[in-house]
1. Within segment 90-137, work out how many residues are assigned to a helix (DSSP H, G or I) and of a type in the set (Val, Ile, Thr).
2. Any residue in segment 55-68 that is without any contact (Cβ under 8 Å) to a residue 24 or more places away in the chain, among the hydroxyl-bearing types (Ser, Thr, Tyr) and either open to solvent by less than 70 Å² (accessible area, probe 1.4 Å) or within 22 Å of VAL32 (Cβ to Cβ) (or both)?
3. Considering only segment 50-62, I want to know if a residue exists there that is of a type in the set (Asp, Glu) and farther than 17 Å from THR111 by Cβ.
4. Of the residues ALA84, ALA126, ALA119, only one is aliphatic (A, V, I, L, M) and in contact with a Phe, Trp or Tyr (Cβ under 7 Å, 6 or more places away or on another chain); which?
5. Can you confirm whether segment 4-17 contains a residue that is open to solvent by 80 Å² or more (accessible area, probe 1.4 Å), in a strand (DSSP E or B) and farther than 30 Å from ALA84 by Cβ?
6. Kindly provide the set of residues from segment 77-115 that are among the aliphatic types (A, V, I, L, M) and at pLDDT 90 or above, ordered by number.
7. With the checklist (1) out of contact with any Ser or Thr (no Cβ under 9 Å at 6 or more places or on another chain); (2) open to solvent by less than 60 Å² (accessible area, probe 1.4 Å); (3) without any contact (Cβ under 8 Å) to a residue 24 or more places away in the chain in hand, flag the one item ARG106 doesn't pass.
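The values are calculated or read from the model by the stated rules, or taken from the named source; none is laboratory data. Predicted, not measured: the structure shown is a model, and the values here were computed from it. When we count neighbours, we look across all protein chains shown, and the Cβ atoms used for this are built from the backbone with ideal geometry, even at glycine. Surface areas here come from the heavy atoms of the whole protein model, side chains and all, with no ligands, DNA or RNA. Shrake-Rupley method; radii C 1.70, N 1.55, O 1.52, S 1.80 Å.
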Amino acid sequence: MVEQCPALKSRIKPVLSQKRLVYKPLGSFYQVLSAEAYTKHGLNVHGVVFDELHAQSNRNLYDVMLHGSGDARKQPLFFLITTAGTDRNSICWEVHQKAEDILQGRKVDPTFYPVIYGAAEDEDWASEKVWKRPTQA
């Protein structure tokens with residue numbers, strides 16, 4: 001995408017060997033990271049896109065990235081995205097429950113903006129009517 005867009009190409013330098021995109025004016029970068037939590041301590045991240053939270057075997061990487069890495073930033077931004085999981089003893093379920101509690105008014109956390117797209121437990125997930133139903137945010 002960077003190579004095909006002159007505006008991006010003038011500002012971004014891809015470093016393919018590191019799976020990194022460097023923003024040339026500031027030297028800041030966006031980089032793909034492995035799932036090994038022990039190698040992430042001490043990172044000074046401004047933002048995290050944590051994909052497939054349901055696939056985490058434990059909460060170690062979540063804790064390192066969200067509770068350690070962002071402490072040095074005034075306003076770190078974290079996106080937690082995932083497809084549904086089935087493990088109710090997981091960090092994914094914990095975050096899902098927090099989101100549900102905020103949406104239902106049982107908790108208040110102005111730093112957490114929950115959006116859940118999905119069928120309720122009593123709905124038929126195979127029904128096209130459920131697919132087209134507006135979701136709450």
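1. Narrowing segment 90-137 to residues assigned to a helix (DSSP H, G or I): 91-103, 128-132.
With of a type in the set (Val, Ile, Thr) added as a condition, the list becomes 91, 95, 102, 130.
Matching residues across segment 90-137 total 4.
2. There is at least one residue in segment 55-68 that is without any contact (Cβ under 8 Å) to a residue 24 or more places away in the chain, among the hydroxyl-bearing types (Ser, Thr, Tyr) and either open to solvent by less than 70 Å² (accessible area, probe 1.4 Å) or within 22 Å of VAL32 (Cβ to Cβ) (or both).
3. Of all residues in segment 50-62, those of a type in the set (Asp, Glu) come to 51-52.
Then keep just the ones that are farther than 17 Å from THR111 by Cβ; that gives 51-52.
Yes, some residue in segment 50-62 is of a type in the set (Asp, Glu) and farther than 17 Å from THR111 by Cβ.
4. Details: ALA84 fails: in contact with a Phe, Trp or Tyr (Cβ under 7 Å, 6 or more places away or on another chain); ALA126 fails: in contact with a Phe, Trp or Tyr (Cβ under 7 Å, 6 or more places away or on another chain).
After ruling out the rest, the residue left standing is ALA119.
5. Yes, segment 4-17 contains at least one residue that is open to solvent by 80 Å² or more (accessible area, probe 1.4 Å), in a strand (DSSP E or B) and farther than 30 Å from ALA84 by Cβ.
6. Answer for segment 77-115, where residues must be among the aliphatic types (A, V, I, L, M) and at pLDDT 90 or above: LEU77, LEU80, ILE81, ILE91, VAL95, ALA99, ILE102, LEU103, VAL108, VAL115.
7. All conditions pass for ARG106, except number (2).
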